[in-house]
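The values are calculated or read from the model by the stated rules, or taken from the named source; none is laboratory data. Keep in mind that this is a model prediction, so the values were computed, not measured. Because the Cβ atoms are built from the backbone with ideal geometry, glycine has one as well, and the counts that use them run over all protein chains shown. Ligands, DNA and RNA are stripped out before the accessible areas are found, and what is left, the full protein with its side chains, is counted by its heavy atoms. Shrake-Rupley method; radii C 1.70, N 1.55, O 1.52, S 1.80 Å.
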Amino acid sequence: MTFSAPVSPLLDCNTLSTVADSGDIVSFVSLMESMGASPEDQTEVVASFLSDTDAKVFVAGHRGLVGSAIHRKLVALGFTKLLLRTHAEVDLTRQADVEAFFAAERPRYVIVAAAKVGGIHANSTYPADFIAVNLQIQTNIIDASLRCTGGAVSKLFFLGSSCIYPKHAPQPIPESALLSGPLEPTNEWYAVAKIAGIKMCQAYRIQHGLDAISAMPTNLYGPQDNFHPENSHVLPALIRRFHNAKISGANEVVVWGTGSPLREFLHVDDLADAVVFLMDRYSGLEHVNVGSGKEVTIKELAELVKEVVGFQGDLVWDKTKPDGTPRKLMDSSMLAGMGWEAKIPLREGLADTYKWYVDNVVDN
Amino acid sequence: MGAESADAAEEIPSFLSDTAAKVFVAGHRGLVGSAIHRKLVALGFTNLLLRTHTDLDLTRQADVEAFFAAERPRYVIVAAAKVGGIHANSSYPADFIAVNLQIQTNIIDAALRCAGGAVRKLLFLGSSCIYPKHAPQPIPESALLSGPLEPTNEWYAIAKIAGIKMCQAYRIQHGLDAISSMPTNLYGPQDNFHPENSHVLPALIRRFHNAKVAGDKEVVVWGTGSPLREFLHVDDLADAVVFLMDRYSGLEHVNVGSGKEVTIKELAELVKEVVGFKGELVWDKTKPDGTPRKLMDSSKLAAMGWEAKIPLRQGLVDTYNWASASGAYLAVEENELIEHSGGAVDESGGSGWAAFSLAAKREHTAAAFEREMGFEETTDPARLPTTLNVNHFKIRARIGGGRKSGPWD
């Protein structure tokens, strides 16, 4: 189908997809005509993402925690043309390489799960890498997606994380908290890059009509996570510590603080499910929080991990040590309003993750 | 890292004494870059690397890297950017964020990777619009990222904030001597006098000049004239830039302002006087005033021993003389012309372009001017200029001559 004028980026995509989904060809064609399409054109209804399983989908970063989960999900949904490139095959920080890749492959969908990620220690030590590599990756991909000739790329999905929000954001953290106050200094390099990515998606939508959306997940866990002794997050760190204590026959595991801070966790397979849900149904300007909406105290988490791992010794709290942020919870009501919810309970997710850990990480 | 000989005791020359060294001034044809260029020439720098957009597309990573590998500049000043007013930012948000991110990321990264540590120092320029919309006045450096940005220029602002952060990160991780400075509202030769896109000071010059030429009885300005603004002549900025290059190697960005506020009323009266408009200056007090105050806190720079030297009256005279000589008040924005004409614009500063005199342009001009004054964006028809008041803008069009088309047509 051709249009006599460029489709307005301000067109309400919900209206369009609602009419398309209704299967009412008469309404659909008249809506197309109101946008300038000629009736004698071939009427090709734009397929929804989930039904478009023959289309080329580029999953950038398919080997990371998030990318691998999205990869798994797409395979399970029957997608047959996944474009997967390792760093050695396509260096996403190289503008010309990314452009050449897009010109050669012309993906219809692009999911940006590639990023330089790491914990507090890594961010503090390699701030230049965390800001520059991420800026380069996302700028190259978003720009190449736009310029891919013939509008080959019909939708792009950009991923960030909850650390884009201000250090003292209200809890639960709504999307509107973005840029409302100072960032957490220990990850400001990554955060600034990711904020720029969200804004770039918005700007490309406004000026060029590129269907680019962004999602910000809460704390993630699951297979392929980083269990590194120095760099891992709290959940994989607990798994590793309880496992090592079990294996070595230790009497106790000591955890800092009182265990009272509240945290939210989302299994990465739930995130992958949200990603395909949003790819299928969301074309808005604003980024979308993706959380489970379920909080646990660190105490509850530690006890659950101890149980799942099967450590028989004592869990001891060193109350002389600091507790950290009292609460970190994303406000995912926008996504819930669209009809999505997480499905993997924490206990089940932990069991799944521990099994993967034992099978893939231990003894490596 | 930068010693030229094996003698470990050799002192690294200060920037100001290093006049034979290669200095890359990216964006040397813009308002800021051209002033820095003038300053460096006046200071005796003999090895300036100047590249137009056609010579070197700063948005191309490989081209920038090749340039650095071939030229190996010792100093880099990043005055190249995609800039524009509220209207331009709203219409081209993708360009404003992406082009600026690409330019600065390419240059800072290439500067680091330039083999043998050739680049000794880099200065990154931004603007006062990086600060939150409701920053405390005067605005200190610490206000950065402390609150929401002004929506109308958030695209540019985010890119520039990322640039500041990138300089900091490269200093921390790699020891690159990268500094950033954020100037206040600038004015001066080579400014943009475009009907739609110019800022308040050149807009006032343009309006009073056109009214003088047309023999109008009055110029009407919205509001009471009470809002306070700060202006800095671009030659003062260039002076601050070389000062900082010579003396500052800190992590934090540095505000560069004159520290002198004027009310819009004082400004308008001064412009009227400098331009020599004999009619009335009338204030339409029924119209809104805009942001009450916008002033940068430049005490950090002042404590280092720098201060602005060009008084406003003198700077306005200088600017008006330049504008009259070059016909800039009738010209369109040079940057966009350069981009769209592939570099074919006359280097002398835009003379030769015919004026636009469409009714729509005049109406846009009024609205753009008022928006630039800081008034709230509105779609309320009752508050938008509806009828054309020909007394506002009787621009005598230059007939004949080529006129290039651009995105404002």
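Tabulated values for the structure
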| read-out | value |
| --- | --- |
| So B:Ser127, is it over 20 Å from A:Asp129 (Cα atoms) and either within 10 Å of another protein chain (Cβ to nearest Cβ) or buried (at least 22 other Cβ atoms within 10 Å of the Cβ) (or both) | no |
| Search result, residues across segment B:19-29 that are open to solvent by 20 Å² or more (accessible area, probe 1.4 Å) and in contact (Cβ under 8 Å) with a residue 60 or more places away in the chain | B:Arg29 |
| Of all residues in segment A:144-157 being touching a residue at least 60 places away in the same chain (Cβ under 8 Å) and within 20 Å of the chain's Cα centre (by Cα), the one that is nearest to A:Leu220 (Cα to Cα) | A:Phe157 |
| Evaluation of B:Arg72 against (1) closer than 23 Å to B:Ser34 by Cβ; (2) away from every other protein chain (no Cβ under 14 Å) (one fails), failing number | (1) |
| Segment B:239-256, residues that are more than 12 Å from B:Trp306 (Cα to Cα) and among the small types (Gly, Ala, Ser) | B:Ser249, B:Gly250 |
| Test: residue in segment B:232-255 that is over 24 Å from B:Arg29 (Cα atoms) and of a type in the set (D, E, K, R) | yes |
| Selection count, segment B:35-49, where residues are among the small types (Gly, Ala, Ser) and surrounded by fewer than 23 Cβ atoms within 10 Å (Cβ to Cβ) | 2 |
| All positions within segment B:228-257 that are farther than 19 Å from B:Pro13 by Cα and either over 18 Å from the mean Cα position of the chain (by Cα) or at pLDDT below 95 (or both) | B:Leu228, B:Arg229, B:Leu251, B:Glu252 |
| Yes/no for B:His174 being touching a helix residue (DSSP H, G or I) at 6+ places or on another chain (Cβ under 6 Å), under 24 Å from B:Ile103 (Cα atoms), within 14 Å of chain A (Cβ to nearest Cβ) and open to solvent by 30 Å² or more (accessible area, probe 1.4 Å) | yes |
| Which listed residue is hydroxyl-bearing (Ser, Thr, Tyr), open to solvent by less than 70 Å² (accessible area, probe 1.4 Å), out of contact with any Ser or Thr (no Cβ under 9 Å at 6 or more places or on another chain) and not in a helix (DSSP H, G or I), from A:Thr320, A:Thr353, A:Thr325 | A:Thr325 |
| The one condition in (1) among the small types (Gly, Ala, Ser); (2) in contact (Cβ under 8 Å) with a residue 24 or more places away in the chain; (3) within 14 Å of chain A (Cβ to nearest Cβ) that B:Gly188 fails to fulfil | (3) |
| Which numbered condition A:Glu341 misses (of (1) touching a helix residue (DSSP H, G or I) at 6+ places or on another chain (Cβ under 7 Å); (2) open to solvent by 60 Å² or more (accessible area, probe 1.4 Å)) | (1) |
| Filtered residues of segment B:282-299 (kept if in contact with an Asp or Glu (Cβ under 8 Å, 6 or more places away or on another chain), modelled with pLDDT of 90 or more and outside any strand (DSSP E or B)) | B:Leu295, B:Asp297 |
| All positions within segment B:75-97 that are more than 9 Å from every other protein chain (Cβ to nearest Cβ) and aromatic (Phe, Trp, Tyr) | B:Tyr75 |
| Filtered residue count, segment A:301-317, keeping only those that are of a type outside the set (Phe, Trp, Tyr), part of a loop (DSSP other than H, G, I, E, B) and under 21 Å from A:Phe227 (Cα atoms) | 1 |
| Whichever residue in segment B:36-69 is within 14 Å of chain A (Cβ to nearest Cβ) and part of a loop (DSSP other than H, G, I, E, B) and, among such residues, is farthest from the chain's Cα centre (by Cα) | B:Arg60 |
| Filter result (open to solvent by less than 30 Å² (accessible area, probe 1.4 Å) and not in a helix (DSSP H, G or I)) within segment A:261-281 | A:Pro261, A:Glu264, A:Phe265, A:Leu266, A:His267 |
| Hey, B:Asn100 within 14 Å of chain A (Cβ to nearest Cβ) and under 18 Å from B:Ser180 (Cα atoms) or not | yes |
| Within segment A:105-124, tally of residues that are at pLDDT 90 or above, in contact with an Asp or Glu (Cβ under 9 Å, 6 or more places away or on another chain) and either outside any strand (DSSP E or B) or within 13 Å of chain B (Cβ to nearest Cβ) (or both) | 2 |
| Residue among A:Asn219, A:Asn140 that alone is open to solvent by 10 Å² or more (accessible area, probe 1.4 Å), more than 8 Å from chain B (Cβ to nearest Cβ) and modelled with pLDDT of 95 or more | A:Asn140 |
| Count - residues of segment A:296-325 that are touching a helix residue (DSSP H, G or I) at 6+ places or on another chain (Cβ under 9 Å) and basic (Lys, Arg) | 1 |
| For B:Gly117: the one exception among (1) open to solvent by 40 Å² or more (accessible area, probe 1.4 Å); (2) on the phi > 0 side of the Ramachandran plot | (1) |
| Residues that are hydroxyl-bearing (Ser, Thr, Tyr) and open to solvent by 80 Å² or more (accessible area, probe 1.4 Å), drawn from segment B:282-317 | B:Thr286 |
| Residue check for A:Thr258: among the β-branched types (Val, Ile, Thr), open to solvent by 40 Å² or more (accessible area, probe 1.4 Å) and free of Cβ contacts under 8 Å to residues at least 24 places away in the same chain | no |
| Residues of segment B:186-216 that turn out to be open to solvent by 20 Å² or more (accessible area, probe 1.4 Å) and under 16 Å from the mean Cα position of the chain (by Cα), as a count | 5 |
| Members of segment B:153-170 that are touching a Gly at 6+ places or on another chain (Cβ under 9 Å) and open to solvent by 10 Å² or more (accessible area, probe 1.4 Å) | B:Asn153, B:Tyr156 |
| Residue check for B:Leu16: surrounded by fewer than 18 Cβ atoms within 10 Å (Cβ to Cβ) and at pLDDT 95 or above | yes |
